[in-house]
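Notes to accompany the following structure.
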Amino acid sequence: MSTQTSATPQGPVPTVVETSVNLRGLRRVGQRPPFLDYMVALWDYRHFIIYDAQARIQTGHENDRLGRLWLVLGPLLNGLMFYLIMGVLLKSGGGVENFIAFLIIGVFLFQMSTRAVRNSSRVITANKNVIHAFQFPRASLVLAANVRELLANVPVLITMLILVIVLPPAEEVTWRWMLLLPIVAFQFVFNLGLGLILARVVSVFNDASQIISYAMRLWMYGSCMFFSIDRFNEYPAVKALMELNPLYNVLHLARECLLYGGVGDWRAWSILALWSLGMLAVGMVFFWKGEESYGREL
């Protein structure tokens, strides 16, 4: 509605002119967009996601003298520690062919998930100021954290493969080694889905970040990182439950392809694929539903 004036001998007389305003399509600032619009917006931020991941890799160890070398030294030292405790002292590698390479693959790949899940779960609480100041799809923070871990672990994976080749008994490189790429891809998708779920949980209940550390440690033991699943042959129910563990299947398939001349059975591939895609779908919807709540406490 607007007001116009017209001149008369007695002076200007206001004339009221009614106009209609279409409010359809307008949204409240900060309102959660429809899911498909949210996914499109997330795609539009792909350049930011990649840039943020690369920048944080470069600055992640800038205060350390050895810098990014710690990305490789960390898994190496952990592998040495587990070998001394589990392999030498507790003899957990009994009956495992090429136990050193078996352990290296377990430590390196499991730590990828550990770092990705922990960092993803904390991105909302760690970026409150950014969330409060700018309007953007918050899932881009979780995605950037996972891309960062994936890129940072490229030299780690290369080191893992070199150790498998060099340490006796030296393994022969075959075409099966290429299957490590889809295995890591499924692992990345699974980490992302789980990270989206935990990011929302931790944003509401910050103490959950402490629980995650203990849960990942327990998950490590349930993934056969440093012992064979054959130890549970006498407990078929326990063994069957462990075979449904997605991270166990990541380690199992990687060991089959790199060490034992196999490609893994279809059941292990199916379980890993279903876990990965299902976790991503659930995680994305779950995180999207909480989009309006992130940073609101500020």
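The values are calculated or read from the model by the stated rules, or taken from the named source; none is laboratory data. Quick caveat: nothing in here was measured; it's all calculated off a predicted structure. Don't worry about glycine lacking a Cβ; one is built from the backbone with ideal geometry, like all the others, and counts go over all protein chains shown.
What number of residues within segment 245-261 satisfy the criterion of being farther than 16 Å from L161 by Cα and in a loop (DSSP other than H, G, I, E, B)?
Let us first name the residues in segment 245-261 that are farther than 16 Å from L161 by Cα, namely 245-249.
From what's left, in a loop (DSSP other than H, G, I, E, B): 245.
Qualifying residue count, segment 245-261: 1.
Has segment 158-171 got any residue that is over 22 Å from V96 (Cβ atoms) and either modelled with pLDDT of 95 or more or surrounded by fewer than 20 Cβ atoms within 10 Å (Cβ to Cβ) (or both)? Spell out how you get there, then give the answer.
First, pick out the residues of segment 158-171 that are over 22 Å from V96 (Cβ atoms): 158.
Okay, now just the ones that are also either modelled with pLDDT of 95 or more or surrounded by fewer than 20 Cβ atoms within 10 Å (Cβ to Cβ) (or both), so 158.
Looking for residues that are over 22 Å from V96 (Cβ atoms) and either modelled with pLDDT of 95 or more or surrounded by fewer than 20 Cβ atoms within 10 Å (Cβ to Cβ) (or both), one finds at least one in segment 158-171, hence yes.
Look at segment 178-208 and say how many of its residues are more than 15 Å from the chain's Cα centre (by Cα) and within 30 Å of Y83 (Cα to Cα).
Residues that pass the stated criteria total 5.
Taking only pairs six or more apart or across chains, which ones have beta-carbon atoms under 6 Å, a first residue in segment 265-292 that is within 22 Å of I131 (Cβ to Cβ), and a second residue that is hydroxyl-bearing (S, T, Y) and assigned to a helix (DSSP H, G or I)?
As it stands, the answer is W288/Y38, since those pairs meet every condition given.
If only one of L42, L36 is among the aliphatic types (A, V, I, L, M), modelled with pLDDT of 70 or more and surrounded by 12 or more Cβ atoms within 10 Å (Cβ to Cβ), which one is it? Steps first, answer last, please.
Details: L36 fails: surrounded by 12 or more Cβ atoms within 10 Å (Cβ to Cβ).
When all the criteria are applied, what remains is L42.
Would you be able to say whether some residue in segment 276-292 is of a type in the set (D, E), at pLDDT below 95, touching a Pro at 6+ places or on another chain (Cβ under 9 Å) and surrounded by 14 or more Cβ atoms within 10 Å (Cβ to Cβ)? I'd like the intermediate steps shown before the answer.
Of segment 276-292, the ones of a type in the set (D, E) are 291-292.
Then drop every residue that is not at pLDDT below 95, which leaves 291-292.
Those left that are additionally touching a Pro at 6+ places or on another chain (Cβ under 9 Å): 291.
With the extra rule that they be surrounded by 14 or more Cβ atoms within 10 Å (Cβ to Cβ), the set shrinks to 291.
Yes, the conditions are met somewhere in segment 276-292.
What is the one condition in (1) at negative phi; (2) touching a residue at least 60 places away in the same chain (Cβ under 8 Å) that C224 does not satisfy?
(1)
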